[in-house]
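Enquirer: First the structure, then my questions, so here it is.
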Amino acid sequence: MFVIGKIINTHGIKGEVKVKQISDFPERFKLGSTVYLTNHDDELITLKIAGMRLHKGFLLLQFEGYESINDVEHLKGVELKIKEEQQEPLGENEYYYHQIIGCNVVTTEGEEIGIIESILSPGANDVWVIRGKNNQEILIPYIEPVVKDVNVEGKQVIIELMEGLID
């Protein structure tokens, strides 16, 4: 299961929830789409989107069978998820975070740098957080001059080490 959003609050009294989108694919939230959540009792619940609109930078969603604030109040803080087969196909040189995290990073000269442990999205490009030797944290920008090859099947990334990237 992959997280695509988080319910951050209720909205109004008719069962709408305010959702922070954690997906580059807004079409995942279209009417009739199926999403999943694990409630506070660790039960997997299937939801069908019955209403969707944008409001002040957030999604307002309504689910089939959830018609009042009392029906959705307990969903605050819960993540919305999709199954792997619901993921959209990506273009060339595009990857899902789960495909990148865990990859071994090696320089074009063959020097092992470390393992990608997380990804930051601060602005124009992603930044890959690598745990290097001596538990050193290394930040590598996902830009063409640095990242030379990504092999998600082999869990390896080859980078061109630019001056200043590693102390």
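Enquirer: For the condition among the acidic types (D, E) and not assigned by TED's automatic domain parsing to the domain that holds K155, what is the one hit in E79, E117?
Expert: It is E79.
Enquirer: Could I ask something else about it? Quick one: would you say I158 is in contact with a strand residue (DSSP E or B) (Cβ under 6 Å, 6 or more places away or on another chain), of a type in the set (A, V, I, L, M), over 17 Å from Y96 (Cβ atoms) and assigned to a strand (DSSP E or B)?
Expert: On the way: in contact with a strand residue (DSSP E or B) (Cβ under 6 Å, 6 or more places away or on another chain): yes; of a type in the set (A, V, I, L, M): yes; over 17 Å from Y96 (Cβ atoms): yes; assigned to a strand (DSSP E or B): yes.
In short, yes.
Enquirer: Here is a follow-up. Residues in the range 116-155 that are closer than 12 Å to G102 by Cβ and over 18 Å from the mean Cα position of the chain (by Cα): how many?
Expert: Final tally of qualifying residues: 3.
Enquirer: Would you mind finding the one in I69, I49, I8 that is modelled with pLDDT of 90 or more and in contact with a Phe, Trp or Tyr (Cβ under 7 Å, 6 or more places away or on another chain)?
Expert: I49
Enquirer: Confirm whether K48 is in contact with a strand residue (DSSP E or B) (Cβ under 6 Å, 6 or more places away or on another chain), assigned by TED's automatic domain parsing to the domain that holds K18 and either loosely packed, with under 12 Cβ neighbours inside 10 Å or on the phi < 0 side of the Ramachandran plot (or both).
Expert: yes
Enquirer: In a strand (DSSP E or B), closer than 30 Å to G5 by Cα and among the charged types (D, E, K, R): is that true of E117 in this structure? I'd like the intermediate steps shown before the answer.
Expert: Details: in a strand (DSSP E or B): yes; closer than 30 Å to G5 by Cα: yes; among the charged types (D, E, K, R): yes.
Yes, satisfied.
Here's the yes/no breakdown for (1) without any contact (Cβ under 8 Å) to a residue 60 or more places away in the chain; (2) exposed (fewer than 15 other Cβ atoms within 10 Å of the Cβ):
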| site | (1), (2) |
| --- | --- |
| I4 | no, no |
| S23 | yes, no |
| H55 | yes, yes |
| G77 | no, yes |
| E88 | no, yes |
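Enquirer: Of the residues in the range 1-26, how many are part of a strand (DSSP E or B) and hydrophobic (A, V, I, L, M, F, W, C)?
Expert: Initially, the range 1-26 is screened for residues part of a strand (DSSP E or B), giving 2-11, 16-21.
Filter once more, so that each one left must be hydrophobic (A, V, I, L, M, F, W, C): 2-4, 7-8, 17, 19.
Qualifying residue count, the range 1-26: 7.
Enquirer: Every residue in the range 27-81 that is among the charged types (D, E, K, R) and not in a strand (DSSP E or B), please. I'd like the intermediate steps shown before the answer.
Expert: To start, the set of residues in the range 27-81 that are among the charged types (D, E, K, R) comprises 27-28, 30, 41-43, 48, 53, 56, 64, 67, 71, 73, 76, 79, 81.
Matches in the range 27-81: E27, R28, K30, D41, D42, E43, K56, E64, E67, D71, E73, K76.
Enquirer: What about N39, is it exposed (fewer than 14 other Cβ atoms within 10 Å of the Cβ), polar (S, T, N, Q) and either over 21 Å from the mean Cα position of the chain (by Cα) or at pLDDT 90 or above (or both)? Outline the logic, then answer.
Expert: On the way: exposed (fewer than 14 other Cβ atoms within 10 Å of the Cβ): yes; polar (S, T, N, Q): yes; either over 21 Å from the mean Cα position of the chain (by Cα) or at pLDDT 90 or above (or both): no.
Judged against the criteria, N39 is not a match.
The values are calculated or read from the model by the stated rules, or taken from the named source; none is laboratory data. These numbers come from a predicted model, not from an experiment. As a convention, Cβ positions derive from the backbone with ideal geometry for all residues, glycine included, and neighbour counts pool all protein chains shown.
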